[in-house]
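Down below is the structure, laid out as structure tokens.
The values are calculated or read from the model by the stated rules, or taken from the named source; none is laboratory data. Everything numeric here is computed off the predicted structure, so don't read it as measured data. Methodologically, a virtual Cβ is constructed for each residue, glycine included, from the backbone with ideal geometry; neighbour enumeration extends over all protein chains shown.
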Amino acid sequence: MDDLRSPPPGWLLARTVQEALSILEAGGAEEVSLDYFIGNGEGGNFLPVAHFIAQMPESRRPRRVRIHTASDAGASALARALAGAVVIKRD
């Protein structure tokens, strides 16, 4: 999930919270790379996606979440939301 960067080959891209939730609800995501800000902080953030992942049934939840935001506060908020639910890696 990222508002600006392009995804690596083979990854699906979500630029909005709704797009991200749709992908996650469809199932099959083994790993998620999660940014914090949407639109450089002007359009909200992807924190609702982190909360959604943490509440997903374990059998449908991605196993790993990479946090790739430049915001230390945003990264901490995402990590807190995901704590105990998935393996977290900070890029």
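Data for the structure
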quantity	calculated
All positions within segment 58-85 that are among the hydrophobic types (A, V, I, L, M, F, W, C), without any contact (Cβ under 8 Å) to a residue 40 or more places away in the chain and over 14 Å from residue 17 (Cβ atoms)	65, 67, 70, 73, 75, 79, 82, 83, 85
Odd one out for residue 55 among (1) in contact (Cβ under 8 Å) with a residue 40 or more places away in the chain; (2) more than 20 Å from residue 7 (Cα to Cα)	(1)
Identity of the residue in segment 75-87, at pLDDT 75 or above and either of a type in the set (Asp, Glu) or touching a strand residue (DSSP E or B) at 6+ places or on another chain (Cβ under 6 Å) (or both), that ends up farthest from residue 54 (Cα to Cα)	75
Matching residues, segment 57-67, being surrounded by fewer than 16 Cβ atoms within 10 Å (Cβ to Cβ) and in contact with a strand residue (DSSP E or B) (Cβ under 9 Å, 6 or more places away or on another chain)	63, 64, 66
Positions within segment 16-56 being in a loop (DSSP other than H, G, I, E, B) and surrounded by fewer than 16 Cβ atoms within 10 Å (Cβ to Cβ), in sequence order	27, 28, 30, 39, 40, 41, 42, 43, 44
